[in-house]
1. Could you say which residue among Val187, Val195 is among the β-branched types (Val, Ile, Thr), assigned to a helix (DSSP H, G or I) and under 24 Å from Thr71 (Cβ atoms)?
2. Out of the stretch 377-404, which residues are within 29 Å of Arg253 (Cα to Cα), modelled with pLDDT of 95 or more and of a type in the set (A, V, I, L, M, F, W, C)?
3. Return yes when Leu56 is touching an Asp or Glu at 6+ places or on another chain (Cβ under 7 Å) and either touching a residue at least 60 places away in the same chain (Cβ under 8 Å) or crowded, with 24+ Cβ neighbours inside 10 Å (or both) and no when it is not.
4. Just give me the residues in the stretch 64-101 being more than 13 Å from the chain's Cα centre (by Cα) and buried (at least 19 other Cβ atoms within 10 Å of the Cβ), in sequence order.
5. Pick from Arg200, Arg271, Arg220, Arg253: which is of a type outside the set (A, V, I, L, M, F, W, C), touching a strand residue (DSSP E or B) at 6+ places or on another chain (Cβ under 6 Å) and on the phi > 0 side of the Ramachandran plot?
6. Does any residue of the stretch 172-190 turn out to be of a type outside the set (A, V, I, L, M), surrounded by fewer than 20 Cβ atoms within 10 Å (Cβ to Cβ), at pLDDT 95 or above and in contact with a Leu (Cβ under 9 Å, 6 or more places away or on another chain)?
7. So which residues in the stretch 129-162 are surrounded by fewer than 14 Cβ atoms within 10 Å (Cβ to Cβ) and closer than 21 Å to Leu322 by Cβ?
8. Among strands (runs of 3 or more DSSP E) lying entirely in the stretch 224-287, which contain 3 or more residues that are under 22 Å from Asn132 (Cα atoms) and in contact with a Phe, Trp or Tyr (Cβ under 8 Å, 6 or more places away or on another chain)?
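The values are calculated or read from the model by the stated rules, or taken from the named source; none is laboratory data. None of the values given here were measured: they were computed from a predicted structure. All Cβ positions, glycine included, derive from the backbone under ideal geometry; neighbour counts span all protein chains shown.
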Amino acid sequence: MTLHFGSLYWPSTRPDSPAYSPLLEPVRCDALVVGGGMTGIACGYTLARSGIDTVLIEQSSICSGSTSANTGILQYSNDIMLSDLADQIGEYDAAEFYRACKSAVEQLVQVAAGLPRDVDVKRRNSFYYASNDRDLIALEKEFEMLSRHGFGVEWWDAERIGSAFPFRKSGAIVTHGDAELNPYRFVSTLAESAVQAGLRVYEKTKFLSVDGRKGSFVVRTNSAEIHAEHVVYAVGYTPEAAGGSWIRAKLNRSYAMVTKPLDSIEDWPQRFMLWETARPYLYLRTTADNRIVIGGLDESFRQPVLSESEVEHRSLRLLSELKLLFPNMRVEKEYEWCGTFGESADNLPWIGEDPSRPGQYYALGYGGNGTIYSAIAARLIRDDIMGIKHPISSIVAPDRKTKVPSA
């Protein structure tokens, strides 16, 4: 399945990414991870560093899927506001989930900072603004709930926004403790560190089927069998590859555009990561080499557009949105793409053991916080294999029962 189309920026920042051999003979392991993207490598890294003998297989090459189209934004706030999530699952659980997301940002920053190669990890604050005056009441409610649960947010009114930015909005929440990174460099470098920790990585190795039970699975690939005690499905936006009956994903497509480097970005205070209350929403960030990344314009189609003219049409729309916010910036687009992304009906990821297939785990971080969910999945599945209950395991469990928001 094609997951993205267009000219991708991130792979151009590391053309020397290492390659790994395919699986050529049968192997045994404690845990098998299926998928070599952000989530799979995070799981492989965490399992291997915890002393769990782990094999990872990728049907193509590491970072070749949605990781290459990831925009590298690490935010603990979610596509679903804390206040709306509280209506779904209760305020206590909602706050626990948000705290787990904030903790995941910290974990990712610490891991990224400790890697042997620079992956452009930078601490950033996020600027969540009201797209229109009608959204102001909901945004104020969100600010109140975030404050009540100790998230240390700031409120910016229209006057403060207008004095700092070349645009004016009726209100915004500033969240602290977020970050950004280069997702391609991060995952490819994390894979190298995971291999040094004992992870065995095989590219060009396609998962075909699994038989057996917990503790004695036999996995067939296109080249050789793998005997594993546990199987982790980190298959990204191809949920059918995980099997099982619990996953009901909605797959959409979105667009992103990256500008040529700018001489300066003076009109952009603190290099905030920007996003808005509208759904679907626009989001913006800067890069280490003074580019601007802008994305959005989500559409309810699984398959990315497959023509340059269609991608360019959306890129020009993104460019016009950028110029509305920053009219004094002289920007030119250089990279543009369309990519598939997944959502769940309740806006939460699927992470944990399949209740119908003990020993087989989902690591499916669907939603706008896929990188954050990758970090959560790695820790939660590691804990489960080691017999430790993770604090939010019931919230993200495949068989969770939640109140799905109305359309």
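1. Values: Val195 fails: under 24 Å from Thr71 (Cβ atoms).
Selected residue: Val187, the only one of Val187, Val195 that is among the β-branched types (Val, Ile, Thr), assigned to a helix (DSSP H, G or I) and under 24 Å from Thr71 (Cβ atoms).
2. Scanning the stretch 377-404 gives Ala377, Ala378, Leu380, Ile381, Ile392, Ile395, Val396, Ala397.
3. Numbers: touching an Asp or Glu at 6+ places or on another chain (Cβ under 7 Å): no; either touching a residue at least 60 places away in the same chain (Cβ under 8 Å) or crowded, with 24+ Cβ neighbours inside 10 Å (or both): yes.
Spelling it out, it is not the case that Leu56 is touching an Asp or Glu at 6+ places or on another chain (Cβ under 7 Å) and either touching a residue at least 60 places away in the same chain (Cβ under 8 Å) or crowded, with 24+ Cβ neighbours inside 10 Å (or both).
4. Filtering the stretch 64-101 down to residues more than 13 Å from the chain's Cα centre (by Cα) leaves 64, 80-100.
Within the stretch 64-101, Ile80, Met81, Leu82, Leu85, Ala86, Ile89, Ala94, Ala95, Phe97, Tyr98, Ala100 qualify.
5. Numbers: Arg200 fails: on the phi > 0 side of the Ramachandran plot; Arg220 fails: on the phi > 0 side of the Ramachandran plot; Arg253 fails: on the phi > 0 side of the Ramachandran plot.
So the residue among Arg200, Arg271, Arg220, Arg253 that is of a type outside the set (A, V, I, L, M, F, W, C), touching a strand residue (DSSP E or B) at 6+ places or on another chain (Cβ under 6 Å) and on the phi > 0 side of the Ramachandran plot is Arg271.
6. no
7. Scanning the stretch 129-162 gives Asn132, Gly162.
8. Details: elements: 225-233, 250-259, 273-276, 283-286.
Because the criterion is at least 3 residues that are under 22 Å from Asn132 (Cα atoms) and in contact with a Phe, Trp or Tyr (Cβ under 8 Å, 6 or more places away or on another chain), the strands (runs of 3 or more DSSP E) in the stretch 224-287 that meet it are 273-276.
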